[in-house]
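Shown next, in structure tokens, is the structure this report addresses.
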Amino acid sequence: MTDLNRNRPAAFTAPDFRDIAELVYRSSAADVENALLKERLSVQDLGALLSPAAAEQLPALAARASALTTARFGRTIQIYSPLYLSSFCCNNCRYCGFSTENKIERRVLTLDEAEQESLLLAGRGFSHILLVAGEAPAKMGVDYLVELAGRLRNRFASISIEIQPLTEAEYRRLFKAGITSVAVYQETYDQDVYREVHLSGPKADLENRLATPARVAAAGMREVGIGALLGLADWRLEGISLGMHLAWLRHYYWQTALTVSFPRLRPATGDFEPKVVVSESDLAQLLFALRIFDHDVGLLLSTREEARFRDGMIGLAPTRYSAGSCTAPGGYSNPDQTGEQFSIDDQRGIDEVCRDIKARGFDPVRKDWDAVFQQSASGGVSRKPIY
Ligand code: SF4
């Protein structure tokens, strides 16, 4: 065992929403103005930027977020595409079309079918690909992904995954096979709501889910994505929790790049109704606040959102857009394929999305990384204070 392993931290602990609520709801206009002047923000400052008081100063938040985004990322938006591999899932998540309770047509792509779908995406000009699957290890496990990564690694600049949580050893194996990034969203940091919407299956284990991003980072992956599904709980408190999780990961795994995603609930089989309404203005405030809190974090805005909103957010805070997405396995080869996870809103293809990004004076980046740059990383341990 190495020194690093001995220093490995305990898992991140989600804050109690009752404890962090006052950071948001007691913040004043002066607290917001003060936070906007700071270079390094505390969690209290983040609470101010997420507060109702900050909603009154949205243009100031947008200006600060835009300046930081441009300084750190230039006038660029990275483009990626999801590739759905399997709609089988052993979990019962009340909000999801793939939930085990839903009667939908399910399929898992064969390796040849997955390769075919990926070739279509490569032909459309995608260099960054995100492999997505429901959680059903018996249908699609690590061996499948290792084999698929071997077939794809020379065709794509980066391969990311969004699948069931794995062990650290399994993440190491996938990294060796050419997968460099893992997204694992907590969905909600509100522990009561988490238990209420995750009715059965391994995902009902809140602590295991919460500990997964650290396992990914400890395995040496280049990038970890965290996120919250907006519509399940108070979005302002999800924002503080995401900020705390980000800060914790940066403290202990400073060598790992981090991204955050804020998917808003979309219509899906099962007709789950959002428990809270999150408006476009709320989502914009959340994006601005996270950017001002963490200057380096990649922020994703997917095709769940309308083209109009995504175009309007270019240059303000997000750094990564999906395009031309289909959420049903096999949906790129067969546009009539049913069994999607959820419906998307922005229906534009990659060329239209790139055209509209360029029209706003920004560069759509189809490739900004190559595995040849990858150096073996290990989960380093920092000694700096977290907040
Ligand atoms: S959210 Fe993920 S784990 Fe839950 S049912 Fe959908 S695919 Fe399965």
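The values are calculated or read from the model by the stated rules, or taken from the named source; none is laboratory data. The model shown is predicted, which means the values in this text are computed figures rather than measured ones. Neighbour counts are summed over all protein chains in view; Cβ atoms, including those assigned to glycine, are modelled from backbone coordinates with ideal geometry.
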### Query
So residue 272 fits all but one of (1) under 24 Å from residue 98 (Cβ atoms); (2) in contact with a strand residue (DSSP E or B) (Cβ under 7 Å, 6 or more places away or on another chain); (3) surrounded by fewer than 21 Cβ atoms within 10 Å (Cβ to Cβ); what number is the exception?
(2)
### Query
Has segment 333-342 got any residue that is modelled with pLDDT of 90 or more, in contact with a Phe, Trp or Tyr (Cβ under 8 Å, 6 or more places away or on another chain) and crowded, with 18+ Cβ neighbours inside 10 Å?
no
## Note on the structure
Subset of segment 331-351, residues farther than 24 Å from residue 271 by Cβ and touching a strand residue (DSSP E or B) at 6+ places or on another chain (Cβ under 8 Å), comes to 332, 350
### Task
Just name the residue that is surrounded by the fewest Cβ atoms within 10 Å (Cβ to Cβ) out of those in segment 84-130 that are under 13 Å from residue 341 (Cα atoms) and aromatic (Phe, Trp, Tyr).
88
### Summary
Being in contact (Cβ under 8 Å) with a residue 60 or more places away in the chain, over 19 Å from residue 43 (Cα atoms) and surrounded by 21 or more Cβ atoms within 10 Å (Cβ to Cβ) narrows 300, 237, 265, 286 down to just 300
### Query
Would it be correct to say that residue 23 is in contact with a helix residue (DSSP H, G or I) (Cβ under 7 Å, 6 or more places away or on another chain), part of a helix (DSSP H, G or I) and surrounded by 18 or more Cβ atoms within 10 Å (Cβ to Cβ)?
yes
#### Entry: Selected residue (only one of 60, 71 is over 30 Å from residue 271 (Cβ atoms), of a type in the set (A, V, I, L, M) and surrounded by fewer than 14 Cβ atoms within 10 Å (Cβ to Cβ))
71
### Task
State all residues of segment 91-140 that are aliphatic (A, V, I, L, M) and farther than 22 Å from residue 166 by Cβ; if no residue qualifies, say none.
104, 119, 120, 121, 122
## Note on the structure
Counting only residues that are acidic (Asp, Glu) and either assigned to a loop (DSSP other than H, G, I, E, B) or within 16 Å of the ligand (Cβ to nearest atom) (or both), segment 96-134 contains a total of 2
